[in-house]
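First up is the structure itself, then whatever we jot down about it.
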Amino acid sequence: MAPPQSAPRITVWNEFRHEQKNPKVKAVYPDGIHTAIAESLRADGFEVKTATLDEPEHGLGEDVLSATDVLFWWGHMAHGEVVDAVVDRVYARVLEGMGLVVLHSGHFSKIFRRLMGTTCDLSWRDTGERERLWVVAPQHPIAEGLGDSFVVPQAEMYGEPFDIPAPDELVFVSWFQGGEVFRSGACFNRGQGKIFYFRPGHETFPIYYQAEVQQVLKNAARWAAPTPSRPKTGFGHRPQPLESILAPEPA
Ligand code: ZN
C-alpha cells in the first residue's frame, strides 16, 4: 500500500514487562509488543518511535509527546508504576489534539480510566478461545478494508458489561466462542483529541502479527491523527459581540 499523504508521527508505548519476565511471551514477541506494532506501521509508511515504561519519564518526555500525532498504549501488569506526572502530560496532549489508541489490557491504564471517567472494568477468561469481530460501522475509516467480520483464532475473552461511557462511535463488536460479546472497537472524543480503544492483543497469542489486526491499527493511526487544517479552539472572555446585542428586533 502507498504511504499516507502526510504520515502521522506515531509513538508506540509498551510497559514491556511480560516479554522480559515470561518466556512464553518472549517467544511470541522477542523484541516486545511495541516493536511488532512499530514494524507493521513502518511498513505502511508511518514515522514510528517506541517508548517503554523503564525509560526515563517512561520515554514520554515533553519533547517526545510534542512530536507525536498518535500515541499507541499497551500495558497490563504495571499500570500502577506509570507516574501521575506522565499521565497528566499525556492527558493534556490528548485534550490538545493528540490521538490515542488504547490496546487490549490498556483498558485499565491510568490514562484510559482518566479519560473515560469510569472504572473501565469488564469480565474476562483466558482459555485461548476463538473471537469473531463484527464490523458494525462499515463506513467508518477504521473499518476500511476489513469486510463484514474477521476471526482471531485464539484470544483471551473480554465480556460485557464493559464499564465505559457510551462510545461516540462503535466500530467492532466481538463474539466469543464461550458466548460473550464485547464492544471491541470504540471511539471517543475528548477535547480536540480522538481516542480509539481496540480490544485484541493478549500477550501470549501472536495477534499483532495478524493482517486484519495490523490493518485496524493502520486505519486507527490515520483516523486518530489531528487534522492539520483544524483551527485552534478559542476559549475565554469574548467582550466584543459578533453582532449588535442592542439592535432592535425587526418588526
Ligand atoms: Zn490479556
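Do we find that LEU115 is crowded, with 19+ Cβ neighbours inside 10 Å, at pLDDT 95 or above and not in a strand (DSSP E or B) in this structure? Break it down stepwise before answering.
Values: crowded, with 19+ Cβ neighbours inside 10 Å: yes; at pLDDT 95 or above: yes; not in a strand (DSSP E or B): yes.
So LEU115 fits the description; yes.
If THR50 meets every condition in (1) among the hydroxyl-bearing types (Ser, Thr, Tyr); (2) farther than 18 Å from LEU100 by Cα; (3) touching a Gly at 6+ places or on another chain (Cβ under 8 Å) apart from one, which number is that one?
Condition not satisfied by THR50: (2).
Please verify whether the stretch 211-223 includes one or more residues that are more than 16 Å from the ligand (Cβ to nearest atom) and farther than 28 Å from GLU96 by Cα. Break it down stepwise before answering.
Within the stretch 211-223, the first condition is being more than 16 Å from the ligand (Cβ to nearest atom), and the residues that meet it are 211-212, 214-223.
Checking the rest, the ones that are also farther than 28 Å from GLU96 by Cα come to 211-212.
For the stretch 211-223, residues more than 16 Å from the ligand (Cβ to nearest atom) and farther than 28 Å from GLU96 by Cα: present.
Run down GLY147, GLY128, GLY178, GLY159 and say which single residue is free of Cβ contacts under 8 Å to residues at least 40 places away in the same chain, within 16 Å of the ligand (Cβ to nearest atom) and not hydrophobic (A, V, I, L, M, F, W, C).
GLY159 is the lone residue from the list that is free of Cβ contacts under 8 Å to residues at least 40 places away in the same chain, within 16 Å of the ligand (Cβ to nearest atom) and not hydrophobic (A, V, I, L, M, F, W, C).
Please pick out the residue among VAL151, VAL135 that is touching a Gly at 6+ places or on another chain (Cβ under 8 Å) and surrounded by fewer than 21 Cβ atoms within 10 Å (Cβ to Cβ).
Criteria check complete, one pass: VAL135.
Can you report the number of residues in the stretch 162-175 which are away from the ligand (no atom under 16 Å from the Cβ), in contact with a Phe, Trp or Tyr (Cβ under 8 Å, 6 or more places away or on another chain) and within 19 Å of HIS76 (Cα to Cα)?
1
Can GLY201 be described as at positive phi and touching a residue at least 24 places away in the same chain (Cβ under 8 Å)? It would help to see each step written out before you state the result.
On the way: at positive phi: yes; touching a residue at least 24 places away in the same chain (Cβ under 8 Å): yes.
In short, yes.
Just for the stretch 96-125: of the residues that are out of contact with any Ser or Thr (no Cβ under 8 Å at 6 or more places or on another chain) and among the charged types (D, E, K, R), which one is farthest from the ligand (Cβ to nearest atom)? Break it down stepwise before answering.
Restricting attention to the stretch 96-125, the residues satisfying the condition of being out of contact with any Ser or Thr (no Cβ under 8 Å at 6 or more places or on another chain) are 96-97, 99-101, 103-112, 114-125.
Now restrict to residues that are among the charged types (D, E, K, R): 96, 110, 114, 121, 125.
Working: GLU96: 30, LYS110: 17, ARG114: 21, ASP121: 14, ARG125: 11 Å.
Across the stretch 96-125, the extreme among qualifying residues is GLU96.
Evaluate the following for PHE196: is it touching a strand residue (DSSP E or B) at 6+ places or on another chain (Cβ under 9 Å), closer than 30 Å to ARG125 by Cα, modelled with pLDDT of 95 or more and within 16 Å of the ligand (Cβ to nearest atom)?
Numbers: touching a strand residue (DSSP E or B) at 6+ places or on another chain (Cβ under 9 Å): yes; closer than 30 Å to ARG125 by Cα: yes; modelled with pLDDT of 95 or more: yes; within 16 Å of the ligand (Cβ to nearest atom): no.
No: the conditions fail for PHE196.
Kindly provide the set of residues from the stretch 73-92 that are away from the ligand (no atom under 16 Å from the Cβ) and outside any loop (DSSP other than H, G, I, E, B), ordered by number.
As a first pass, look at the stretch 73-92 and keep what is away from the ligand (no atom under 16 Å from the Cβ): 80-92.
The answer is GLY80, GLU81, ASP84, ALA85, VAL86, VAL87, ASP88, ARG89, VAL90, TYR91, ALA92.
Give me the pairs: first residue in the stretch 61-84 and of a type outside the set (Phe, Trp, Tyr), second residue assigned to a helix (DSSP H, G or I) and within 16 Å of the ligand (Cβ to nearest atom), beta-carbon distance under 7 Å, and six or more apart or on different chains, which are they?
Going by the 7 Å Cβ cut-off, the qualifying pairs are GLY75/SER105; GLY75/GLY106; HIS76/HIS18; HIS76/SER105; MET77/HIS18; HIS79/PHE108.
With the structure loaded, tell me whether ALA220 is in contact with a strand residue (DSSP E or B) (Cβ under 6 Å, 6 or more places away or on another chain), of a type in the set (A, V, I, L, M) and not in a strand (DSSP E or B) or whether it fails that test.
Numbers: in contact with a strand residue (DSSP E or B) (Cβ under 6 Å, 6 or more places away or on another chain): yes; of a type in the set (A, V, I, L, M): yes; not in a strand (DSSP E or B): yes.
Taking the combined requirement at face value, the residue satisfies it.
Anything in the stretch 138-148 that is loosely packed, with under 13 Cβ neighbours inside 10 Å and of a type in the set (Gly, Ala, Ser)? List them, or say none.
GLY145, GLY147
All but one of (1) more than 16 Å from the ligand (Cβ to nearest atom); (2) surrounded by 22 or more Cβ atoms within 10 Å (Cβ to Cβ); (3) of a type in the set (A, V, I, L, M) hold for ILE33, so report the exception by its number.
Exception for ILE33: condition (1).
The values are calculated or read from the model by the stated rules, or taken from the named source; none is laboratory data. All of these numbers come straight from a predicted model, not from anything done at the bench. Glycine also receives a Cβ, built like all others from the backbone with ideal geometry; neighbour counts cover every protein chain displayed.
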